[in-house]
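No value in this document is a laboratory result; all are computed from the given coordinates. Note that this is a predicted model, so its numbers are computed, not measured. Glycine also receives a Cβ, built like all others from the backbone with ideal geometry; neighbour counts cover every protein chain displayed.
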């Protein structure tokens, strides 16, 4: 004999009432939405919690090698921040920022900071100060630190300043645990730039490969 639809509905209603009556149950919908800024790449936004770069969090970019478009990835967000009079700081980049290219990308030079630190410790210190003081809408830091404690300090500073905090790291640190909220591995692809999301706090688990991100955003 088939079960009664009425009994089925009653059971579901009873279960729902029971679930609502307890404060000991964690519900996914109770999570606060992730504050984020669009990456400017719809394909990538769809993969990320909050549908964009997490605000007030450390974002780790691990590039397979230089010159594959690793700097192009944050550009749309930086452009939006500069339009809102929020500066972007380049801290200890491997090469001198090329002003004409930045201008062509829509970044006004008056809203950009370039800090050429003498050593990695100084670079991280500068990044922390800028983040904690709210001195920029975003920082881009190139660092060779392998210390979790140093990365955790950057994460806390980003939370304090509610800014985008990008840190570029070597592939040799890919297997190392990191306090960063978001970790992306970047590799060259015939279609532009391959982005592998290996960690996204509050969102994706495992590895997700997006091989359709173009160097020039839509």
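Peptides 166-172, 142-148 ordered by packing proxy, namely the average of other Cβ atoms within 10 Å per residue, highest first: 166-172, 142-148.
Mean separation of Cα pairs under 8 Å and 6 or more residues apart, divided by the residue count, gives segment 35-213 a relative contact order of 29 percent.
The calculated FRET efficiency for residue 172 paired with residue 114, based on their beta-carbon distance and R0 = 30 Å, is about 0.70. Would you mind getting me the FRET efficiency between residue 146 and residue 201? Use the beta-carbon distance for r and R0 = 22 Å, nearest 0.05. Plugging the Cβ-Cβ distance into 1/(1 + (r/R0)^6) gives 0.60. Model label sites at residue 133 and residue 162, defined 7 Å from Cα along the beta-carbon direction, differ in position by 1.9 nm. Using a simple spin-label model with pseudo-atoms 7 Å out from Cα toward Cβ, residue 98 and residue 35 lie 3.5 nm apart. Projecting label points 7 angstrom from Cα along Cα→Cβ for residue 105 and residue 80 puts them 1.6 nm apart.
Between the beta carbons of residue 46 and residue 188, assuming R0 = 30 Å, the FRET efficiency works out to 0.85 to the nearest 0.05. Among 152, 111, the order by Cβ neighbours within 10 angstrom, fewest to most, reads 152, 111. In terms of packing, defined here as the mean over residues of other Cβ atoms within 10 angstrom, the peptides 40-46, 77-83 line up highest first as 77-83, 40-46.
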